[in-house]
1. Express in nm, to one decimal, how much length is gained between residue 31 and residue 44 on full extension, taking 0.36 nm for each residue of separation and deducting their alpha carbon distance.
2. On each of the three principal axes of the Cα atoms of region 1-53, give max minus min coordinate, whole Å, ordered largest first.
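Here, each number is a calculation from the coordinates, and none is a lab measurement. Owing to the predicted nature of the structure, the values given are computational and were not obtained by experimental measurement.
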Amino acid sequence: MFNGLADWWDGVELWLAQAWFPVQFVLVMVVVVPLCLAAAWVLDKVVGLFAGRLAPGRDDDSDSSA
């Protein structure tokens, strides 16, 4: 199973490496940039959840010493 996937990926990689530069650029802009933006958004949300659980934020009213 993995040999078939590796062979397919090798073909895609070879096609992309031999493609004309503007085609490579467009593919990066259409595929890689949205994936990176989505990964950054997910990472921001996960870090925000963990940070919120580890330390209270400035807007928390749980400290009523004021």
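1. Details: separation 13, 0.36 × 13 = 4.68 nm, distance 2.03 nm.
Separation in residues times 0.36 nm, less the Cα-Cα distance, equals 2.6 nm.
2. 48, 33, 10
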